[in-house]
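Single-structure report; data block below.
Any read-out appearing in this document is the output of simple, stated calculations on the displayed coordinates, not a laboratory observation. In this text, all values refer to a predicted model and were calculated from it rather than measured experimentally. As a convention, Cβ positions derive from the backbone with ideal geometry for all residues, glycine included, and neighbour counts pool all protein chains shown.
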Amino acid sequence: MTEIADKFVLYFQYPFVQYALIVGVLIALCSSLLGVTLVLKRFSFIGDGLSHVAFGAMAIAAAMNLTNNFLLVLPVTIICAILLLRTGQNAKIKGDAAIAMISVGTLAIGYLIMNVFSKSSNLAGDVCTTLFGSTSILTLTMTEVWLCVILSVLVIGVFLLFYHKIFAVTFDEDFSTATGVKAKVYNLILAVVIAVVIVLAMNLVGALLISALVIFPALSAMRVFKSFKAVTVCSLIVSVVCAALGLLISIIAGTPVGSTIVAVDIAGFFIFSMAGFITTKGLMRRG
Amino acid sequence: MPQLTCQNLTLGYEGKTVVSDLSFVVNTGDYLCIVGENGSGKSTLMRAILKLKTPTSGQIVPSDGLTPNDIGYLPQQTVIQKDFPASVREVVRSGCLNRCGLRPMYNRAEKQMAEDNMQKLGVAPLARRCYRELSGGQQQRILLARALCAAQKILLLDEPVAGLDPKATADMYELIAKLNKDGITIIMISHDVAASVKFASHILHIGRQSALFVGTKEDYLKSDAGRVYAGAGGEK
């Protein structure tokens, strides 16, 4: 036991471990805030779709030799998020089909561009790294950490500021619009925030595992809690705890960061499912 | 006193006309029931009144100091709401949102208003319960309380008794009649012609594309459309 403790103390002296922990916790926090809304809006897969868009944009940035690919990836992802969320119910191509189309399309184009223009000899490795996340969270620079902190603060600020509006628009968009709440504006804000969070999260867990980060904490919280506020707070805590735990385990055990975090999230989901099952059963017996 | 005037209203989707050349007036304190077959455009008309849909031609003119924020809405339940984790209090309070503007939190008056409306509709004891776990009748009362938080002058109800059992249906109709007596104008879409004739003061019967009848309940029962549709279910 003391051996592991010693190892922790040793690792925590390295700035890259500190950076990873800060960024990891912030991203977990942001994605869980939006996860509840996305799952309820039946947009669970938007995380996956947008992460593929970001992958495609990253491939283009890599081909163009952009040093800071954030500048290209963020705007492209935001535009796609707006397009997806704006089409709404009256679109000719419905929500799930639109997400699938954008997701598969950008993935293919991204890979194609990487294949044609890449100067790297290890193409499969590059793709794998972009999709599954890698040690990139362990090689963060001070600038990236600050960028992440600033964006996270913005996301949290927007969420707190529009918390009640997000609730109302998610619960009943027609009612909100009919009674004079600008549902379209809030959907747009939500789309932008979602895009920002997903681009952020790609650094931590990679494109393919972002959906897990968005969905699992929200679903876990919904097993047990019954009000929007409780579910939001709970999914936030679950997400942060799982991310920190997964990160520490992956550092100690030398496992891939992204998949370890998701594995911890899955474990959390099972624990909450059990808890939910027991509490509902208890209630039924009493009532 | 006219509160809402529809003039030569034509509504449609993608070039297909659903309702054409519809004109009617809703006065303050009226209880108007919109009846008609499936696909006759009842819901489209309601969406137009709520400004969720722009009419192809014609217009809906508010008067008597009516602003868009004075119209409350009881929509049909959506799929999303079936598994939405929300407490009753959260749902009712969300009706106050159109007063908030950019203010992020509800103020004391709005919170009090939500409590009062829950009291009024008899759902105050459920305030902390989860919305999705309640019965259909209770859910409708909660959404009605939310609509009352949003607006105090006109309520638009889209088939408020759909899927309710007979007891809950009767309770719901009583409740709506009581709100109407308190001075709130009611516009209701209904399939239930018998109940419409029993409670409403005015009937709008939409047929294929055009209005078959607009007027008071008494005249409706004497009209051709009324005799055919209300027939057995009308005044006994």
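For the pair the stretch A:224-287 and the stretch B:141-216, the centres of their Cα atoms are 45 angstrom apart.
How crowded by other chains is A:265-278, given as the mean number of beta carbons from other chains within 10 Å of each beta carbon? Mind dumping the intermediate values first?
Details: counts 0, 0, 0, 0, 0, 0, 0, 0, 0, 0, 0, 0, 0, 0.
Per-residue shielding by partner chains comes out at 0.
The charge dipole of the stretch B:74-152, taken about its Cα centre with unit charges on the Cβ of Lys, Arg, Asp and Glu (plus for the first two, minus for the last two), comes to roughly 120 debye.
When you look at the Cβ of every residue in A:221-233, what mean number of other chain Cβ atoms sits within 10 Å? All intermediate terms of the calculation are to be shown ahead of the outcome.
On the way: counts 1, 3, 1, 1, 3, 9, 11, 8, 5, 4, 3, 1, 0.
Whole-number average of other-chain Cβ neighbours for A:221-233 is 4.
Write down the percent of antiparallel bridges among all DSSP beta bridges whose residues are both part of the protein assembly as shown, to the nearest 5.
Numbers: 19 of 38 bridges.
So the antiparallel bridges amount to about 50 percent of the total.
FRET efficiency for the B:Arg208 to A:Ala100 pair, using the beta carbon distance and R₀ = 30 Å, is estimated at 0.20.
Taking amide H as placed 1.01 Å from N in the peptide plane, the amide H of B:Leu212 sits under 5 Å from that of B:His205, B:Ile206, B:Gly207, each at least 5 places away or on another chain.
Using θ = phi - 60° in the Karplus curve 6.51 cos²θ - 1.76 cosθ + 1.60, the 3J(HN,Hα) couplings for the stretch B:96-101 round to 7, 4, 5, 8, 6, x Hz; x is entered for Gly and Pro.
Which entries in the list A:Lys165/B:Lys178; B:Lys153/B:Lys181; A:Lys184/B:Lys51; B:Lys42/B:Lys153; A:Lys165/B:Lys42 go over 19 Å, if you measure between the two C-alpha atoms of each? If you can, show how the numbers build up before the last one.
Values: A:Lys165/B:Lys178 31 Å; B:Lys153/B:Lys181 12 Å; A:Lys184/B:Lys51 14 Å; B:Lys42/B:Lys153 21 Å; A:Lys165/B:Lys42 29 Å.
Going by Cα-Cα distance, A:Lys165/B:Lys178; B:Lys42/B:Lys153; A:Lys165/B:Lys42 fall outside the 19 Å limit.
Neighbour counts of C-beta atoms inside 10 Å place B:Thr169, B:Thr216 in the sequence B:Thr216, B:Thr169, starting with the fewest.
About its Cα centre, the dipole of the stretch A:2-278 is roughly 660 debye, where the only charges are +1 on Lys and Arg Cβ and -1 on Asp and Glu Cβ. Summarising the strand pairing of the stretch B:131-228, around 50 percent of its internal DSSP beta bridges are antiparallel.
Can you figure out the FRET efficiency of B:Asp165 with A:Lys281, using R₀ = 35 Å and their beta-carbon distance, to the nearest 0.05?
On the way: r = 27 Å, r/R0 = 0.76.
After rounding, the FRET efficiency stands at 0.85.
When both the stretch A:141-207 and the stretch A:24-59 are represented by their alpha-carbon centers, they are found 10 Å apart. Sorting B:Met105, B:Met188 by the number of Cβ atoms found within 10 Å of their own Cβ, with the fewest placed first, yields B:Met105, B:Met188.
Bridgeable aspartates and glutamates around B:Lys111 (alpha carbons under 17 Å apart, same-chain partners fewer than 8 residues away excluded): B:Glu90. Take every DSSP beta bridge whose two residues both sit in chain B; close to 50 percent of them are antiparallel.
Of B:Glu174, A:Glu3, B:Glu90, the sequence from fewest to most neighbouring Cβ atoms within 10 angstrom is A:Glu3, B:Glu174, B:Glu90. A straight Cα-to-Cα reach below 21 Å connects B:Lys222 with the lysines B:Lys198, B:Lys236, residues fewer than 8 places away in its own chain not being considered. Among A:Ser220, A:Ile109, A:Leu84, flag the residue with its Cα farthest along the positive direction of the charge dipole of the stretch A:2-278, charges on Cβ as +1 for Lys/Arg and -1 for Asp/Glu. Of the options given, the answer is A:Leu84. By its C-alpha gyration tensor, with a ≥ b ≥ c as the square roots of the eigenvalues, how is the stretch A:142-287 shaped: rounded for a/c under 1.5, else prolate for a/b larger than b/c, else oblate? Here the stretch A:142-287 falls in the oblate category. Projecting the Cα atoms of B:Ala127, B:Val92, B:Ala109 onto the charge dipole of the stretch B:74-152, computed from C-beta unit charges around the Cα centre, puts B:Ala109 farthest toward the positive end. When +1 charges are put on Lys and Arg Cβ atoms and -1 charges on Asp and Glu Cβ atoms, the dipole computed for chain B relative to its Cα centre reaches about 640 debye.
Evaluate E = 1/(1 + (r/R0)^6) for B:Thr54 and B:Gln119, where r is the Cβ-Cβ distance and R0 equals 45 Å; express this FRET efficiency to the nearest 0.05.
On the way: r = 38 Å, r/R0 = 0.84.
With a Förster radius of 45 Å, E is 0.75.
Compute the Cα gyration tensor for the stretch A:2-278, then decide on rounded, prolate or oblate, letting a ≥ b ≥ c be the square roots of its eigenvalues: rounded whenever a/c is under 1.5, prolate when a/b is larger than b/c in the other cases, and oblate in all that remain. Write down the numbers at each step before the final one.
Details: a/c = 1.80, a/b = 1.14, b/c = 1.58.
Since a/c reaches 1.5 but b/c is at least a/b, the shape of the stretch A:2-278 is classed as oblate.
Cα gyration tensor of the stretch B:74-152, axes a ≥ b ≥ c as square roots of the eigenvalues: rounded (a/c below 1.5), prolate (a/b > b/c) or oblate? Prolate. Springs join every pair of Cα atoms under 10 Å in this Gaussian network model of chain B, and among B:Val79, B:Val88, B:Val161 the largest mean-square fluctuation is at B:Val79. Coupling constants for the stretch A:9-18 follow from the phi torsions by the Karplus curve (6.51 cos²θ - 1.76 cosθ + 1.60, θ = phi - 60°), and in residue order they are 4, 4, 5, 6, 7, 7, x, 5, 6, 4 Hz; glycine and proline get x.
Considering only A:Ala244, A:Val262, B:Val26, and ranking their Cα positions along the charge dipole of the protein assembly as shown that arises from unit charges at the beta-carbon of Lys, Arg, Asp and Glu, the one farthest toward the positive end is B:Val26.
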